[in-house]
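First the structure, which I've put down as structure tokens, then a few questions once you've had a look.
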Amino acid sequence: EGYYQSGRFQFEIDVPEAYNMVPPKVRCLTRIWHPNITENGEICLSLLREHSIDGTGWAPTRTLKDVVWGLNSLFT
């Protein structure tokens, strides 16, 4: 819904060997304006942070499904 309704966005997800002790690296390949996505495609999403003071960062119990849901939440 909203500004991004019907949009198609491409992401690159790099899953490191140490997954799932460390988060995957995610980049947006589609050039868009979004307050949580830089011009280089870097994404600011708490669950992608390896270390987080508030406890919302990456945890070994998280999955790639959580990452996709988190990305989706940026657009809704």
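The values are calculated or read from the model by the stated rules, or taken from the named source; none is laboratory data. Quick caveat, the model's predicted, so the values are computed rather than measured. Using ideal geometry, Cβ is built from the backbone for each residue, glycine included, and neighbour counts are taken over all protein chains shown. Surface accessibility is based on the protein's heavy atoms, side chains included, excluding ligands, DNA and RNA. Shrake-Rupley method; radii C 1.70, N 1.55, O 1.52, S 1.80 Å.
I'm checking my understanding of the structure. Among residues of region 22-50 that are more than 25 Å from Gly2 (Cβ to Cβ) and out of contact with any Gly (no Cβ under 6 Å at 6 or more places or on another chain), which one is surrounded by the most Cβ atoms within 10 Å (Cβ to Cβ)?
Pro23
Go through the residues of region 68-75 one by one and say whether even a single one is touching a residue at least 60 places away in the same chain (Cβ under 8 Å), of a type in the set (A, V, I, L, M) and surrounded by 11 or more Cβ atoms within 10 Å (Cβ to Cβ).
yes
With the structure loaded, tell me whether Ile43 is under 22 Å from Thr76 (Cα atoms), at pLDDT 95 or above and hydrophobic (A, V, I, L, M, F, W, C) or whether it fails that test.
Yes.
Going by the conditions given, is Leu29 at pLDDT below 95 and on the phi < 0 side of the Ramachandran plot?
No; evaluated as a whole, the condition is false for this residue.
To continue, here is another question. Within the set of pairs 6 or more residues apart or between chains, which connect a residue that is within 14 Å of Arg27 (Cα to Cα) and assigned to a loop (DSSP other than H, G, I, E, B) inside region 42-62 to a residue that is open to solvent by less than 60 Å² (accessible area, probe 1.4 Å) and polar (S, T, N, Q) with Cβ atoms less than 7 Å apart?
Sorted first by the residue in region 42-62, then by its partner, the pairs are Cys44/Asn36; Leu45/Asn36.
Looking at region 1-21, which of its residues are β-branched (Val, Ile, Thr) and either surrounded by 14 or more Cβ atoms within 10 Å (Cβ to Cβ) or not in a strand (DSSP E or B) (or both)?
Val15
If you scan region 51-72, which residues turn out to be farther than 29 Å from Tyr3 by Cα and either acidic (Asp, Glu) or modelled with pLDDT of 95 or more (or both)?
Asp54
So how many residues does region 1-16 have that are among the hydroxyl-bearing types (Ser, Thr, Tyr) and without any contact (Cβ under 8 Å) to a residue 12 or more places away in the chain?
The total comes to 2.
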